[in-house]
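Let me begin by presenting the structure, written as structure tokens, before commenting on it.
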Amino acid sequence: SGASNVKPLDGVKILDLTRVLAGPFATMNLGDLGAEVIKVERPGAGDDTRAWGPPFAGTESVYFLSVNRNKKSIAINMKDSKGAKLIRELAAVSDVFVENYVPGKLAEMGLGYEDIKKIAPHVVYCSITGYGQTGPVVQRSGYDSIAAAVSGLMHITG
């Protein structure tokens, strides 16, 4: 213990509603810097990447483990009104809300930026998307392989 063990984000609470890579990697880095990260997963299967493999470390996906260290996980059905209410309650006591859903998806559940701002105006709301919040391809999912293909990089690298 002592001042030498204090990390820059000690005392900061992150509510993590991210999946796959960009979001989990971002929140993992916040956790590495000392933030308390609460990762919300689907009941049952959890994050899709829990099943991605091989390789596996025992029964755990190495991919999942590689971007989700330093987190606490909780299973919440956000599509259920009780689950959405619980997310709002967690947001109210968090400092940062991070999500990487297709724009508009969380708003349909009452968990979009405007919804969270009403109950937690202090929260930094971070939305990670492949194509931004507006535009002709806003509803598309953004994955690294798609970006490589669309940009022409995949043609060069194979």
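The values are calculated or read from the model by the stated rules, or taken from the named source; none is laboratory data. All of these numbers come straight from a predicted model, not from anything done at the bench. Positions of Cβ are backbone-derived with ideal geometry, glycine not excepted, and every protein chain shown enters the neighbour counts. Accessible surface is based on the protein model in full, side chains and every heavy atom, while ligands, DNA and RNA are left aside. Shrake-Rupley method; radii C 1.70, N 1.55, O 1.52, S 1.80 Å.
Springs between alpha-carbon atoms under 10 Å, Gaussian network over the chain: tell me which of P103, P54, P43 tops the mean-square fluctuations. Residue with maximal mean-square fluctuation among P103, P54, P43: P54.
Here the peptides 140-152, 117-129 are ranked by packing, the mean other Cβ count within 10 Å, and the order with the highest first is 117-129, 140-152.
The tail of the calculated P(r) for the range 66-150 beyond 14 Å holds 69 percent of all Cα-Cα pairs. Across the cross-link table entries K71/K105; K85/K105; K7/K118; K7/K82; K7/K79, which are compared at the Cα atoms, the separations over 26 Å belong to K7/K118; K7/K82; K7/K79.
With contacts taken as Cα pairs under 8 Å and at least 6 residues apart, the chain reaches a relative contact order of 20 percent.
Computed extension length for A147-A45: 34.0 nm, one decimal, from 0.36 nm per residue of separation with the Cα-Cα distance subtracted.
Amide hydrogen proximity for V37: with H placed 1.01 Å from N in the peptide plane, the residues at 5 or more positions away or on another chain lying under 5 Å are I14, K72. For the range 1-53, the equivalent ellipsoid built from the Cα gyration tensor has semi-axes of 26, 11, 9 Å, listed from largest to smallest. Here is the tail figure for the range 1-93: Cα pairs spaced more than 23 Å apart come to 30 percent of all pairs. Expressed as a whole percent, the accessible surface of the range 1-91 that belongs to carbon and sulfur atoms is 58, based on a 1.4 Å probe.
Our coupling estimate for the range 109-114, obtained by passing each phi through the Karplus curve with A = 6.51, B = -1.76, C = 1.60 and θ = phi - 60°, is 9, x, 10, x, 3, 4 Hz, Gly and Pro reported as x. In this structure, the amide hydrogen of C126, modeled 1.01 Å from its nitrogen in the peptide plane, lies closer than 5 angstrom to those of F97, V98, E99, counting only residues at least 5 positions away or on a different chain.
Counting 0.36 nm for each residue step from A75 to I156 and taking away their Cα separation leaves a gain of 25.0 nm. Per-residue Karplus couplings for the range 9-16, computed as 6.51 cos²θ - 1.76 cosθ + 1.60 with θ equal to phi - 60°, are listed in order as 10, 3, x, 8, 9, 10, 9, 9 Hz, Gly and Pro entered as x. According to the Cα-based calculation, Rg over Rh for the chain is 1.00, with Rh computed by the Kirkwood formula. Phi angles across the range 82-94 convert, under the Karplus curve 6.51 cos²θ - 1.76 cosθ + 1.60 with θ = phi - 60°, into 3J(HN,Hα) values of 5, x, 4, 4, 5, 4, 4, 5, 5, 4, 5, 10, 9 Hz, Gly and Pro given as x. In a DSSP loop and with at most 14 other Cβ atoms within 10 Å, the trypsin sites (Lys or Arg not before Pro) in the range 1-102 are R69, K79. Accessible area per residue for the range 14-130 is 50 Å², calculated with a 1.4 Å probe on protein heavy atoms, without ligands, DNA or RNA.
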